[in-house]
1. Identify, from the list Gly297, Gly264, Gly308, the residue that is in a loop (DSSP other than H, G, I, E, B) and either in contact with a Ser or Thr (Cβ under 9 Å, 6 or more places away or on another chain) or in contact (Cβ under 8 Å) with a residue 60 or more places away in the chain (or both).
2. Modelled with pLDDT of 95 or more, crowded, with 21+ Cβ neighbours inside 10 Å and assigned to a strand (DSSP E or B) - does that describe any residue in segment 311-319?
3. Can you find, within segment 88-106, the residue that is farthest from Ala325 (Cα to Cα) among those that are part of a loop (DSSP other than H, G, I, E, B) and touching a residue at least 24 places away in the same chain (Cβ under 8 Å)?
4. Go through Val269, Val281 for me and flag whichever is part of a strand (DSSP E or B), β-branched (Val, Ile, Thr), in contact (Cβ under 8 Å) with a residue 40 or more places away in the chain and out of contact with any Pro (no Cβ under 6 Å at 6 or more places or on another chain).
5. Can you tell me which residue within segment 216-233, out of those that are in contact with a Ser or Thr (Cβ under 8 Å, 6 or more places away or on another chain) and surrounded by 21 or more Cβ atoms within 10 Å (Cβ to Cβ), is modelled with the lowest pLDDT?
6. Tell me which residues, restricted to segment 168-189, are surrounded by 22 or more Cβ atoms within 10 Å (Cβ to Cβ) and part of a strand (DSSP E or B).
7. So Pro252 clears everything in (1) buried (at least 23 other Cβ atoms within 10 Å of the Cβ); (2) modelled with pLDDT under 95; (3) not acidic (Asp, Glu) except one condition, right? Which one?
8. Scanning for something assigned to a loop (DSSP other than H, G, I, E, B) and buried (at least 22 other Cβ atoms within 10 Å of the Cβ), does segment 322-331 turn up at least one residue?
Amino acid sequence: MTSKLAGAHRGAVTLLVRAGTTMIAAVIVLVLGTGATPTGALVRVNSGRGYQFNSPSALALSSGKLFVANYAGNSVTELEASTGALVRVISRPADRFRYPAAMATIGGKLFVANYGRPGSVTELKAATGAVVRVIGGPSYKFNGPDALALDGDRLFVANSGNKSVTEVNVSNGALVRVISGPRYDLDTPDALAVGAGKLFVANTVLGQSSVTVLDAGTGALVRVMSGQGYAFNSPDALALSGGKLFVADLGPPDAVTELIAATGQLVRVISGPAYEFNFPVAIVLEGSKLFVANKYGSLLTEVDASTGALVKAFSGSPYGFRFPAAMALDGDKLFVANSGAGSVTEINASTGALVRVLSD
């Protein structure tokens, strides 16, 4: 019996394992003395153990668990972050999720933004997967919610369909305010970042691209950053750390803009063929490491956040990247959701070595 999986990866061994009446194919890939992984170390297992990944669109980490939002599967898969072992798939009853597009965690709470109409946010207990409440209704003005940000007891929701940001009380799900109006320049808000008392909103609409800065405590407008100097063209992802704000632009040109978060001052625009940016849809930042997920390039770019210099680009079949859509970083663990492959790739953030690819 010949498997199509055999020989797909260098050093691959295909096993056929019987589970009841079902034959499960498992691919084990060995690294043969290359990279930082010791020779013969197991780095990849495709186990077919029921992850039910389906266009994974968002990732979140909480207390050693990795949560994966399956946009097309209307479910959330929970894994052990340390091993990739399946904990559970949360998908019933049907009204829990409707095209889950974003997640955020705080204090044992997991919030999931449901992009599908009428738009809602589902709150779960991260430890058990139990639903606490579904937040929504006409007063919240949810419309295509596809980004979340948490700041203490405040949950911010970007509504890409109606040019607004909704603030919700984390403790009880109550509506605090809906921020909208021409002066905010909110137009297709697609990404949020919060820190140092400010909320940053990326407005992705073509031809009118900007980043809006709000006072996180009051919702008051601080400034709107736009214009040729910033080189914004469909900003679609934000990362904030150490007083720096990085903005990924879908382009053209595909680029990452670095700003001083407190003032909005432009530091640099990072772009050029060497970076291989191609529709950068997600960025994560920790210390001096900035990782950029390029959806159409099916690769990751690592940039030195302190200088803007290219560190390396990750691509090729071993990583399993296919339309990477989201990332989550926890120390040396970098997780990448591959929306086109229905998989999650884990990389050692320090060395760039592949740890594993999780897939059905």
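1. On inspection, the qualifying residue turns out to be Gly297.
2. no
3. The qualifying residue farthest from Ala325 (Cα to Cα) is Asp95.
4. On the way: Val269 fails: in contact (Cβ under 8 Å) with a residue 40 or more places away in the chain.
Only one candidate qualifies: Val281.
5. Phe232
6. Those that are surrounded by 22 or more Cβ atoms within 10 Å (Cβ to Cβ) and part of a strand (DSSP E or B): Val168, Ile179, Pro189.
7. (1)
8. no
The values are calculated or read from the model by the stated rules, or taken from the named source; none is laboratory data. Remember, it's a predicted structure, so these values are computed and weren't measured experimentally. In this analysis, Cβ positions are derived from the backbone assuming ideal geometry, glycine residues included, and neighbour counts consider all displayed protein chains.
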